[in-house]
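Report on one structure; see the data block that follows.
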Amino acid sequence: MRVQNAVKRAERENLSDPRTGLPAGQVAREEVAAARAAANRAVCEYKLLYSSEFRDVYGALAGSDLLRYTALLMNRVLNTVGAPDDFLGQLSDETFVVITAPERAELVRQNILERFNHDAAQHYAFGERVGNQVKVKDSNGREQTLPLLGLEAAPVR
């Protein structure tokens with residue numbers, strides 16, 4: 001009985017990402033599969049760019065904050081231009097998915113990309129930013145030039 005309860009609890013806890021609170025893993029994959037089979041749903045996947053480099057320089061906590069920020073930003077966009085039946089989930093550490101109606105999909109996609117890419121620089125200290133790059137020191141004190149965080153989206157399907 002204890003083993004069965006532990007297995008059930010582990011399955012429930014794996015339904016959402018602990019950093020973002022978004023449905024993740026199998027739940028997100030099932031939603032995507034169902035949406036792709038439905039004519040009245042559109043799927044758009046978003047990938048964080050350069051997040052591993054960001055995490056290497058700023059640490060795991062900053063990386064978690066970045067994921068949480070991304071989830072909140074996407075949720076705010078859906079609250080503004082989306083509908084109650086839209087789905088926001090996380091397919092992997094760096095991949096998010098939005099499922100919405102086909103007529104709203106491109107508007108949602110553009111809003112998410114514009115807002116994230118406009119605000120990406122706020123994750124860095126002011127003096128570190130140089131155009132679309134950031135100058136930071138690695139753990140050995142050597143200066144590195146890295147690209148700013150970004151978000152890209154596959155065409156809506």
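Derivation of every value follows stated rules applied to the coordinates shown; laboratory data play no part. All values derive from a computational prediction rather than experimental measurement. In this analysis, Cβ positions are derived from the backbone assuming ideal geometry, glycine residues included, and neighbour counts consider all displayed protein chains.
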Rounded to the nearest 500, the 222 nm mean residue ellipticity computed for the chain from DSSP H runs (n ≥ 4, each -39500 (n - 2.57)) alone is -15000 deg cm²/dmol
Going fewest to most other Cβ atoms within 10 Å around each Cβ, Phe96, Phe54, Phe87 line up as Phe87, Phe54, Phe96
Between Asp17 and residues 5 or more places away or on another chain, the pairs with built amide H atoms under 5 Å apart involve Leu22, Ala24
If the chain between Ala121 and Arg157 were fully extended at 0.36 nm per residue, the gain over the current Cα-Cα distance would be 10.0 nm
In debye to the nearest 20, the charge dipole size for the chain, taken about the Cα centre with +1 at each Lys and Arg Cβ and -1 at each Asp and Glu Cβ, equals 300
The farthest towards the positive end of the charge dipole of segment 63-157, of the residues Ala125, Ile99, Ala154, given +1 on Cβ of Lys and Arg and -1 on Cβ of Asp and Glu, is Ala125
Residue separation between Ser139 and Ser64 times 0.36 nm, minus their alpha-carbon distance, gives in nm 25.0 nm
Of segment 72-88, those with amide N under 19 Å from the point 7 Å along the Cα→Cβ vector of Ala33 are 87-88
The alpha-carbon center of segment 79-98 and that of segment 29-47 are separated, in whole Å, by 10
At 25 °C in a medium of viscosity 0.890 mPa s, the chain has a Stokes-Einstein diffusion coefficient, with Rh taken as the Kirkwood radius over alpha carbon pairs, in µm² per second, of 145
